[in-house]
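The values are calculated or read from the model by the stated rules, or taken from the named source; none is laboratory data. Bear in mind the structure is a predicted one, so any value in this text is a computation, not a measurement. Ideal geometry is used to build each Cβ from the backbone, glycine not excepted, and the neighbour counts take in all protein chains shown.
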Amino acid sequence: MKFVPASGAATRMFKDLIRIYNKLTERQPLNDDEHHTLERFLTHLSQFAFVVDLAEVLKANGYELTDLQREGRADIILRYLLTADGLNYSELPKALLKFHRYDGETRTPLEEHLVEGAGHVKDQKGTVRIHFTVPARFREAIQTYVQKTLPRYRNHARHFALEYSVQDPATDTIAVDLQNRIVRDERGKPLFRPAGHGALLKNLNDLQGDIIFIKNIDNVVPDHLKPTIIHYKKVLGGLLVEVQEKIFSFLRALQANPTIDVLNEAIAFLDNELHFPLPQELQTASFEKRREYVFRKLNRPIRVCGIVENRGEPGGGPFWVKTANGELSLQIVESAQVDKKDPVQREIWESSTHFNPTDLVCGVRDYTGKPFDLMQYRDTNAGIITVKYWQGKEIKILELPGLWNGSMAYWNTIFVEVPLETFNPVKTVFDLLRPEHLPPHPSQNPLQQKVE
């Protein structure tokens, strides 16, 4: 199945425009960077897939988009794009934003994941299983939208088995401002915020899955670029199955009546393939102690992670990490986990060659077919403090161990380099202007197209 974290709001995606809109409404001057950002947005407005919806909501309120552009009324345009008076894009989850434009239609990331999923998780009966984690307050809107648009994609799969879950509110944490003072909501109560994608480990665990592909909601491409994406999804999945079969074979042999040759072969596999060399103190240990160590290391959830060449994108990357007991293991590390004040740590971070685009396939059942309890394989000390935006202001959030770093700290991990074109995230609205997100043959007048 495919697991898509789709809970995040688009606030960060529009943070620069939110700041500009607030200044315009408060009649504050814009600085040079803000002027440049606003000019860029207005100049390329017709290239965004959401421009048709924006024009329609403006017209419903007595405005013509072309008139507003000519008159330089950016405040009105941004009001009906960002706020609840119009499209409310600053508050909606990314899942519901219009990302791509085709002839006669536009698509949200939700729809792109349906089509992509049909290319690599469709079973022999034509069923495509996808699980979306969604914000609680938008769950009904998301489900309604998918059911409304699903008939468009019936030619891609015989059946879409879609599931939805929300992040457990019990995992939410209190937000503070940049001076570490508790942030309070409109009622004066402490503001609780979702504790990052690490809180979704429970959702993943509850699936009781088998082979699970994980990919972020905003990392999607139009149809003409999907063949490469789908090919490498199959490559990662095929490698997972191949390695998993080897591991299961070793575990069955070690569980039955293992010989010294079997144990030595398993030790070599653990060292050469999974990069867990036998600790020095176990080199001369008894057969049983070595067998127990190897069995325990092999009998874990496994993930194959696609990584791309580092081009400076925000996020984590593949690193060796030394654990508290001195063992080395392969981990995905976020920038927030690195002490940038330590020159050695900073140099290691800045010299990294690869980046993790959240492109994972996970094996979450053991050699007997029983689902692992994934909660037992996380590093509970690997929390992260991040800066988010709330009502246009910066706040700090304590996040749980990230889903693909601290929450998978004690999984077996394999990193595989995949082409850079498989990674096309939309972190800011201007990422939608990248060639990968634009139509191969864009219409000259998208506002004249009828878009359903």
Open item on the list: Can you tell me how many residues within region 49-101 are of a type in the set (Phe, Trp, Tyr) and under 24 Å from the mean Cα position of the chain (by Cα)?
Closed with: 3
- [ ] Take Val361 and decide whether it is modelled with pLDDT of 90 or more and surrounded by fewer than 18 Cβ atoms within 10 Å (Cβ to Cβ).
- [x] no
Task: Hits in region 242-263 - residues which are assigned to a helix (DSSP H, G or I) and surrounded by fewer than 13 Cβ atoms within 10 Å (Cβ to Cβ) - done: Glu242, Glu245, Arg252, Ile260, Asp261
TODO: Evaluate the following for Leu68: is it surrounded by 21 or more Cβ atoms within 10 Å (Cβ to Cβ) and in the same structural domain as Gln28 (by TED's automatic domain parsing)?
DONE: no
Task: Among (1) in contact with a Leu (Cβ under 9 Å, 6 or more places away or on another chain); (2) surrounded by fewer than 18 Cβ atoms within 10 Å (Cβ to Cβ); (3) of a type in the set (A, V, I, L, M), the one test that Ile20 misses - done: (2)
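To keep it simple, each residue is scored yes or no on (1) under 18 Å from Asn216 (Cα atoms); (2) surrounded by 16 or more Cβ atoms within 10 Å (Cβ to Cβ); (3) assigned by TED's automatic domain parsing to the domain that holds His36.
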position: Ile77; (1), (2), (3): no, yes, yes
position: Asn88; (1), (2), (3): no, no, yes
position: Ala118; (1), (2), (3): yes, yes, yes
position: Gln124; (1), (2), (3): no, no, yes
position: Thr127; (1), (2), (3): no, no, yes
position: His131; (1), (2), (3): yes, yes, yes
position: Tyr145; (1), (2), (3): no, yes, yes
Open item on the list: Return the pair list, or none, for Cβ contacts closer than 7 Å from residues in region 173-201 that are in the same structural domain as Lys393 (by TED's automatic domain parsing) and crowded, with 18+ Cβ neighbours inside 10 Å to residues that are modelled with pLDDT of 95 or more and part of a helix (DSSP H, G or I), at least 6 apart or on different chains.
Closed with: none
Open item on the list: What's the total number of residues in region 383-404 that are surrounded by 19 or more Cβ atoms within 10 Å (Cβ to Cβ) and more than 20 Å from Asp172 (Cβ to Cβ)?
Closed with: 1
Open item on the list: Could you check region 127-171 and list, in sequence order, the residues that are β-branched (Val, Ile, Thr) and touching an Asp or Glu at 6+ places or on another chain (Cβ under 9 Å)?
Closed with: Ile130, Val146, Thr149
TODO: Within region 158-177, work out how many residues are touching a helix residue (DSSP H, G or I) at 6+ places or on another chain (Cβ under 9 Å) and closer than 20 Å to Gln124 by Cβ.
DONE: 2
Task: strands (runs of 3 or more DSSP E) (entirely within region 326-404) containing at least 1 residues that are closer than 25 Å to Lys15 by Cα and touching an Asp or Glu at 6+ places or on another chain (Cβ under 8 Å) - done: 384-390, 393-399
- [ ] Could you tell me which residue of region 55-111 is farthest from His131 (Cα to Cα), considering only residues that are part of a helix (DSSP H, G or I) and of a type in the set (Lys, Arg)?
- [x] Arg70
Open item on the list: One residue is enough: does region 24-40 have a residue meeting the conditions in contact with a Lys or Arg (Cβ under 7 Å, 6 or more places away or on another chain) and within 15 Å of Val426 (Cβ to Cβ)?
Closed with: no
Task: Tally, over region 364-378, of residues that are buried (at least 19 other Cβ atoms within 10 Å of the Cβ) and in contact with a helix residue (DSSP H, G or I) (Cβ under 6 Å, 6 or more places away or on another chain) - done: 2
Task: Any chance Val235 is under 21 Å from Asp366 (Cα atoms) and either at pLDDT below 95 or not assigned by TED's automatic domain parsing to the domain that holds Pro439 (or both) - done: no
Task: Candidates Arg70, Arg101, Arg129 - the one that is closer than 30 Å to Leu38 by Cα, touching a Leu at 6+ places or on another chain (Cβ under 9 Å) and of a type in the set (Lys, Arg) - done: Arg101
Open item on the list: I need a count of the residues in region 272-297 that are assigned to a helix (DSSP H, G or I) and exposed (fewer than 13 other Cβ atoms within 10 Å of the Cβ).
Closed with: 7
